[in-house]
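Quick notes on the structure that follows.
Each reported figure results from applying straightforward, stated rules to the coordinates on display, with no laboratory input. Treat the numbers as computed from the prediction; the structure is a model and nothing was measured. In this analysis, Cβ positions are derived from the backbone assuming ideal geometry, glycine residues included, and neighbour counts consider all displayed protein chains.
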Amino acid sequence: MSVRVARALRGWGWGAGCRRGASDFRLPPPGAVDVAELLRDATTAEEGPREAVARRPPDQCSVLLFPGQGSQVVGMGRGLLRYPRVRELYAAASRVLGYDLLELSLHGPQEALDRTAHCQPAIFVASLAAVEKLHHLQPAVIENCVAAAGFSVGEFAALVFAGAMEFSEGPKGSSGMPLLSVVS
C-alpha cells in the first residue's frame, strides 16, 4: 500500500489494518428504533403460515427474446406475410413512416435498410409479425410465456408483446417522436 493511500485511509478513519474499531462508529441517538428488529417483527407477524405455490415445470414455460439493431437483412418478413395481421402491421407502419416499409424490408437495398431510421421500425414490425406466426403455429408458447426481453430496439417489441406499451408508442426517431406514432 502506498503512503498516499495509507494517509487517505487514516484520514477517513481507517487504521493501518484497514479496519474500523467498534468505538469509531457513533452510537444511535436515544430512543432510536432497531431496524433489524422491526423487519423481523414485520415478517413474522404478517406472514403467518405460507401456502405452497404451484410452480410450472420448465418445459411448460417460455421466454421470448426479441432481436435488436444489426439483425436486419433484406428479405426479412417474407415468410410471415401469410399470417393474419402481418400485412396490416406493415401497412400501418408505412402510412406513418411515409415509405413502404414492407418493400424496403423485402427488396432493400441493404444500405437503405441499414440506416437507423429504417432498420429500427423494420426490426420492430418484423419482430411483432414473428409473434403473429408463433401465435398461429404454437399458441401454447405465447400462453406459457413468463418473460419477454429484447436487445436494443427489441426492447420495444418485448414491451408491446408484454402489454406494457402500445404498438403506436414504438421506437422513437431522432426528433424524439415515435416512429410509429399513429399506428394502432
Somewhere in the range 137-155, is a residue outside any loop (DSSP other than H, G, I, E, B) and of a type in the set (S, T, N, Q)? no
Within the range 71-109, tally of residues that are out of contact with any Leu (no Cβ under 6 Å at 6 or more places or on another chain), over 11 Å from Ala129 (Cβ atoms), free of Cβ contacts under 8 Å to residues at least 12 places away in the same chain and assigned to a helix (DSSP H, G or I): 2
